[in-house]
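The values are calculated or read from the model by the stated rules, or taken from the named source; none is laboratory data. Just so we're clear, the structure is a prediction, and the values are computed from it rather than from any experiment. Cβ: placed from backbone, ideal geometry, glycine included. Neighbour counts: every protein chain shown. Just the protein is used for accessible areas: all its heavy atoms, side chains included, with ligands, DNA and RNA removed. Shrake-Rupley method; radii C 1.70, N 1.55, O 1.52, S 1.80 Å.
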Amino acid sequence: MKPLYVLNGPNLNRLGKREPSIYGTTTLAEVEQICRAAAGDRPIAFHQTNSEEKLIDLVHEAIDEGAGIIINPAAFTFTSLALLDALKMFEGPVIEFHISNIHRREPIYHRSYVSMRADAVMAGLGAEGYATAVSAILTMLARRP
Ligand code: CA2
């Protein structure tokens, strides 16, 4: 069975350690456990990188090996046409995921390049929302012919 890719962008390695009023106290290691528990038998390839180049390389890996992508691109959401181009090459379902509600923030956080490819966008459900994203992408995969 092909894995789900759960990809996390810059600074998310600090999750649970900074700005708990916005991002909560759940760590990225706990997010990984949340995703694995929600995925059941479906394998998860879980990654975090602070590098745009590595994030794009991981999307390329998913293009070759992945069933679906859940991506929290963090700041690259709002800056990276290269990431958008890579995601456009992926044929399976893509969920863009944000822990916080980016639309409640300053206007610079309102225009997402990644949303131009994402099949679904989730924002504001907190770190526990990754479980909902995994559940949703499994449903999307089950509905595919
Ligand atoms: O809400 C999200 O998940 C974000 O994608 C997180 C990004 C931010 O740039 C997006 O606007 C929304 C990263 C925030 C900075 O990284 C931190 C990580 C952990 C704790 C505090 C900050």
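Summed over segment 25-48, the residues that are within 12 Å of the chain's Cα centre (by Cα) and either assigned to a loop (DSSP other than H, G, I, E, B) or among the polar types (S, T, N, Q) (or both) give a count of 1. For segment 87-145, the tally of residues that are open to solvent by less than 40 Å² (accessible area, probe 1.4 Å) and assigned to a helix (DSSP H, G or I) stands at 11.
The set of residues in segment 59-82 that are within 13 Å of the ligand (Cβ to nearest atom) and either assigned to a helix (DSSP H, G or I) or crowded, with 19+ Cβ neighbours inside 10 Å (or both) comprises Ile70, Ile71, Asn72, Pro73, Ala74, Ala75, Phe76, Thr77, Phe78, Ser80.
Among the residues of segment 17-34, is there at least one that is touching a Cys at 6+ places or on another chain (Cβ under 7 Å), modelled with pLDDT of 95 or more and more than 10 Å from the ligand (Cβ to nearest atom)?
Within segment 17-34 (the criterion being touching a Cys at 6+ places or on another chain (Cβ under 7 Å), modelled with pLDDT of 95 or more and more than 10 Å from the ligand (Cβ to nearest atom)), the answer is no, since none of the residues qualifies.
Across segment 1-14, the qualifying residues are those that are open to solvent by 10 Å² or more (accessible area, probe 1.4 Å) and within 8 Å of the ligand (Cβ to nearest atom), and the one among them that is farthest from the chain's Cα centre (by Cα) is Arg14.
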